[in-house]
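Report on the following structure.
Where a number appears in this text, it was derived from the coordinates with a stated rule and is not lab data. Here the structure is a predicted model, which is why all the values come from computation and not from measurement. Glycine also receives a Cβ, built like all others from the backbone with ideal geometry; neighbour counts cover every protein chain displayed.
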Amino acid sequence: MSALALLGGPKTKTKPFPAWPQHDERERQALLDVLESNVWWRTPGTQTLAFEQEFAKFHGARHGIAITNGTHALEVVMAALGIGHGDEVIVPDSTFVATASAALFAGALPVTVDIDLATQCIDPALVEQAIGPRTKAIAAVHMGGHPADLDRLVEIARRHKLHLIEDCAHAHASQWRGRGVGNFGIAGTFSFQQSKLMTAGEGGMIITNDDDFERRARSAHDCGRLPGEWFYSHFAYGSNYRLSEWQGAVLRVQLSRLDEQTARRHANARLLDKLLADIPGITPQRLDERCTRNGHYAYIFYYDAAEFAGVPTKRFIEAMNAEGIPNQAAYPPIHALDLFKNGSYRQRLAADHAAEEHAFLKRAYPVTERAAWQCYWLPQYALLGDEQDMHEVAAAIRKIQANAKALQ
């Protein structure tokens, strides 16, 4: 086998992966239509309204509310649920900061728990252990597109009378038992940031089947207004989280591709599962049999350095990149972020809550630590390639393993 590309040898992958974002004349025409309509604002417009309805229908939900971004979608959910000072929200320790910062935005404390080793989603057993008298909600993240264990989380939330929030930022079109994610809790939130499975550069969405919650969330996202009331009536807390007509128009076109793209990502990921099963030291994120479709924001696998002559994860990533295989960084543990280590998170809490010792910050998070520092994330656009691309990903890993001693 030839020398590693990192050390001067030829790349394993020379054919580029598909570009992202994907767009064509349909996005161009959609933007021109908005331009020429002279209606660029969501309130009197038609594009964002239509997108809300189409996205919700695609996922099997009754309501959709388009939001400025995925972080704001979580913040609007917190506001609509009345979560505030003195409350606590259980979140996975392995996630993007927004899952936790949305609770802090509301004045509540995000309480982190470790994740499941196989799926890298929040561990339901640890969720139940973390529930206390101040707990108001559980925020479950569908990591990499794989749903958290919604059977157990729904049961836990019902038994303890808690709200279940689904953070679906990675999980557009993912399904659990044939049902779209975002339909199991009080609400599901999505992101349309550029790396996501459909994009307008930025944007977000809330879906829900609860009519009362939808009314409160829609009010919170539109300055406290209520549908059908005078424009300058403001009935409750709200801010301006409205999505523009430009983004709504682009996202309608993006949505038209999502079903086919999801099928391709899911199929290519299953091929990778088979190809990587024969490589010692590589363990893909497990596909739970109840996950009937995985949107696959990323293809994630654990890397065991012991099977690669002790080569550290960082060096393995460098070697993969040199072979032409892209990656995106895994999330660092939430509890170890600077805002928790330096105590600045306490500024968002009520005085008595802020003064307490928060035991979750001193717990061990062995699975999150492993997921953060011993995983490789193949970005979603690579899964839009063909079977040859998947074979080349596996070939690059085998090549690195065969030449691992040269990397020491």
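Would you mind checking region 29-49 for residues with the amide N under 12 Å from a putative spin-label position 7 Å along Cα→C-beta of S256? Of the residues in region 29-49, 29-31 have backbone N under 12 Å from the label point off S256. Our coupling estimate for region 192-205, obtained by passing each phi through the Karplus curve with A = 6.51, B = -1.76, C = 1.60 and θ = phi - 60°, is 10, 4, 4, 7, 6, 6, 8, 8, 10, x, 9, x, x, 8 Hz, Gly and Pro reported as x. Relative to its Kirkwood radius, the Cα radius of gyration of region 25-254 gives an Rg/Rh of 0.98. Each of V311, V91, V181 was scored by other Cβ atoms within 10 Å of its Cβ. Listed from fewest to most, they are V311, V91, V181.
Sort the following peptides by mean Cβ neighbour count (other Cβ atoms within 10 Å, averaged over residues), highest first: 347-359, 107-119. Before the final figure, lay out each step's value.
Numbers: 347-359: 12.8, 107-119: 22.6.
Output ranking for 347-359, 107-119: 107-119, 347-359.
Dividing the summed helix terms, -39500 (n - 2.57) for each DSSP H run of n ≥ 4, by the number of residues in the chain produces a 222 nm estimate of -11000 deg cm²/dmol to the nearest 500. Each part gets one Cα centre, and for region 118-190 versus region 273-318 those centres are 23 Å apart.
Fewest-first ordering of E52, E128 by other beta carbons within 10 Å of each residue's beta carbon gives E128, E52. Lysine pair count for the chain (Cα-Cα distance under 25 Å; residues 8 or more apart in sequence or on different chains): 24. Angle of helix 70-81 to the longest C-alpha principal axis of the chain, folded into 0 to 90 degrees and rounded to 10: 40°. Between A406 and R179, the simple spin-label model (points 7 angstrom out along Cα→Cβ) gives 5.3 nm.
Do any trypsin sites (Lys or Arg not before Pro) in region 23-126 lie in a loop, going by DSSP, with at most 15 other beta-carbon atoms within 10 Å of their beta carbon, and if so which?
Details: sites: R26, R28, R42, K57, R62; in loops: R42, R62.
Passing both the DSSP loop test and the Cβ count: R62.
As a rough guide to protection, the peptides 9-18, 65-74 ranked by mean Cβ packing within 10 Å, highest first, stand as 65-74, 9-18. Amide H contacts of L164: I138, I186, each under 5 Å away and 5 or more positions distant or on a separate chain (H built 1.01 Å from N in the peptide plane; Pro and chain starts excluded). Using a Förster distance of 35 Å, how high is the FRET efficiency between S2 and R290, based on the Cβ-Cβ distance and rounded to 0.05? The formula returns an efficiency of 0.25 here. Working note: Karplus 6.51/-1.76/1.60 with θ = phi - 60° gives region 14-26 the couplings 10, 7, x, 5, x, 6, 9, x, 9, 7, 8, 4, 5 Hz, where Gly and Pro are set to x. Between the alpha-carbon centres of region 325-342 and region 201-225 there is a gap of 29 Å.
For the chain, the direction-averaged projected area of the alpha-carbon convex hull comes to 20.8 nm². The packing ranking of peptides 76-89, 231-244, highest mean first, is 76-89, 231-244, where packing means the average number of other beta carbon atoms within 10 angstrom of each residue. Listed values for region 89-96 are Karplus-derived 3J(HN,Hα) couplings in whole Hz (6.51 cos²θ - 1.76 cosθ + 1.60, θ = phi - 60°), namely 10, 7, 9, x, 6, 9, 5, 6, and x replaces Gly and Pro. Put the Cα centre of region 58-80 next to the Cα centre of region 349-398 and the gap is 24 Å.
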